[in-house]
Amino acid sequence: MSEQKSHIMPTYNRADLRFVRGEGAWLETETGEKYLDFGSGVAVNTLGHAHPKLVAALGAQSEKLWHVSNLYQIPEQEKLADMLCANSFADLVFFGNSGAEAAEGMIKVMRKYHAENAAPERVTLISFKGAFHGRTLAALAAAGNPDYLEGFGPAPQGFVQCQELDVEAVEAMIDETTAGILIEPVQGEGGVRDVGTAFLRALRELCDKHGILLGFDEVQCGIGRTGKLFAHEYAAVEPDVMAIAKGIGGGFPLGAVLTTETVGRVLQPGTHGSTYGGNPLACAVGAAVLDEVLSDGFLDRVQQTATYFRQHLARLLDENSDIFEDLRGSGLMVGLKCKPANSDVVAALRDEKVLTIGAGENVLRIVPPLNVTQAEVDIAVAAIETACTKLRGSTA
Ligand SMILES: *Cc1c(COP(=O)(O)O)cnc(C)c1O
């Protein structure tokens, strides 16, 4: 559009769209065009845009108190931590502002646990091919994608990646320096890959057998995205540590590390911190998001909508086998592995006014707000059909 020089660092390839307002699953541009948002700001807008409960929670808190720092008690933080612990394996919560900060905190607490338990040599974390834990140096080292580390100097040590989702391969990597295992129950950036309940259960057994910790990164798959509050609930296993972010703030920057009592209490005063982490504004919104996601019938509806959407997508996969080759993920965390470049599919859908996101392994990632309606799903399905026809036309 305009040739004016941008003062934003060029870290992102941005579509030429400027949104000025949103409501529910819909976004509106400055010229009044409406787009169906099935990307949710990368799986963040749990309840869509401008949800009345969240607007009210933020508005009310903004008139009372924004920020005081963690030098004081923060009742809103206590309340959100109570809610998270009442509905998960966790006993203790540390609040930060993003997924990377949560992943970083998870890594630190897993190492510190062993240091405090007479095993300071246990520092190595095992993660998996296709993992993504954020863009801080340690999170990048954990995921081990060399493209993302290139040019940023020496990578932090003490991270190894298992190349396959195979228990024997993981066990072969465990030695006296291992602190624990880090895994996304459903990989997001890596290609919307559900690692499976059997694998999560096997990892739990492995960790118990070797006296190491199990850390789940549910930054993307947590907070109802899969139809359970946390994706690992499908496997009926519990981690020792878990990172969450994205969905918990519903659009307000918020992340957290959840731990059991024995793990979390190793972070005594002075060992870790975050100036903004868990401030009143963020926690008031987080509590409102969680209150809605935990309300009667909400997660059942997510599962129903997901089943409905996936039935249609399975049909589309069948009918468009020249465009799609696999339907993946869990609940409303949907992946369609593409034959043409996924960026072309994202662009074709954008032309149909439906927003989606790319992911690794040439996957189209579809992560609508969790309160999306069946009628909105129908619109997205029709748009995918049209996009397939047009893509076919352009390659024929
Ligand atoms: C997005 C993501 C992160 C990083 O979150 P940021 O808020 O971008 O720092 C970490 N882990 C997973 C699984 C993610 O999807």
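The values are calculated or read from the model by the stated rules, or taken from the named source; none is laboratory data. Remember, predicted model here, so these are calculated numbers, not experimental data. All Cβ positions, glycine included, derive from the backbone under ideal geometry; neighbour counts span all protein chains shown. The area values use the complete protein model at the heavy-atom level, side chains included, leaving out ligands, DNA and RNA. Shrake-Rupley method; radii C 1.70, N 1.55, O 1.52, S 1.80 Å.
Could you pull out the residue among LEU71, LEU58 that is in contact with a Phe, Trp or Tyr (Cβ under 8 Å, 6 or more places away or on another chain), open to solvent by 60 Å² or more (accessible area, probe 1.4 Å) and not in a strand (DSSP E or B)?
Exactly one of LEU71, LEU58 is in contact with a Phe, Trp or Tyr (Cβ under 8 Å, 6 or more places away or on another chain), open to solvent by 60 Å² or more (accessible area, probe 1.4 Å) and not in a strand (DSSP E or B), namely LEU58.
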Among (1) within 19 Å of THR46 (Cβ to Cβ); (2) open to solvent by 10 Å² or more (accessible area, probe 1.4 Å), where does ALA245 come up short? (2)
Residues being out of contact with any helix residue (DSSP H, G or I) (no Cβ under 8 Å at 6 or more places or on another chain), open to solvent by less than 10 Å² (accessible area, probe 1.4 Å) and within 13 Å of the ligand (Cβ to nearest atom) - total across the stretch 185-213: 3
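Picking from LYS34, LYS53, LYS79, LYS64, which residue would you name as being among the charged types (D, E, K, R), closer than 23 Å to VAL257 by Cβ and open to solvent by 20 Å² or more (accessible area, probe 1.4 Å)? Lay out the reasoning, then the answer.
Working: LYS34 fails: closer than 23 Å to VAL257 by Cβ; LYS53 fails: closer than 23 Å to VAL257 by Cβ; LYS64 fails: closer than 23 Å to VAL257 by Cβ.
Going through LYS34, LYS53, LYS79, LYS64 in turn, the sole match is LYS79.
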Being within 16 Å of the ligand (Cβ to nearest atom), surrounded by fewer than 18 Cβ atoms within 10 Å (Cβ to Cβ) and more than 30 Å from GLU176 (Cβ to Cβ), is that true of even one residue in the stretch 91-107? no
Please indicate, with yes or no, whether at least one residue in the stretch 111-120 is within 22 Å of ILE244 (Cβ to Cβ) and among the small types (Gly, Ala, Ser). no
So ARG111, is it more than 15 Å from the ligand (Cβ to nearest atom) and among the charged types (D, E, K, R): yes
Quick one: what pairs do we get from the stretch 1-21, first residue under 22 Å from GLY41 (Cα atoms), second modelled with pLDDT under 95 and part of a loop (DSSP other than H, G, I, E, B), C-beta under 7 Å, 6+ apart or different chains? ASP16/MET1
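Quick one: which residue in ALA348, ALA306 is among the small types (Gly, Ala, Ser) and open to solvent by 10 Å² or more (accessible area, probe 1.4 Å)?
From the options ALA348, ALA306, the qualifying one is ALA348.
Only one of GLY270, GLY227 is surrounded by fewer than 20 Cβ atoms within 10 Å (Cβ to Cβ), more than 16 Å from the ligand (Cβ to nearest atom) and at positive phi. Can you tell me which?
Going through GLY270, GLY227 in turn, the sole match is GLY270.
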Would you please name the residue that is nearest to MET110 (Cα to Cα), looking only at residues in the stretch 230-240 that are part of a helix (DSSP H, G or I) and more than 12 Å from the ligand (Cβ to nearest atom)? HIS232
Residue check for VAL266: modelled with pLDDT of 95 or more, touching a Gly at 6+ places or on another chain (Cβ under 7 Å) and closer than 23 Å to CYS85 by Cβ: no
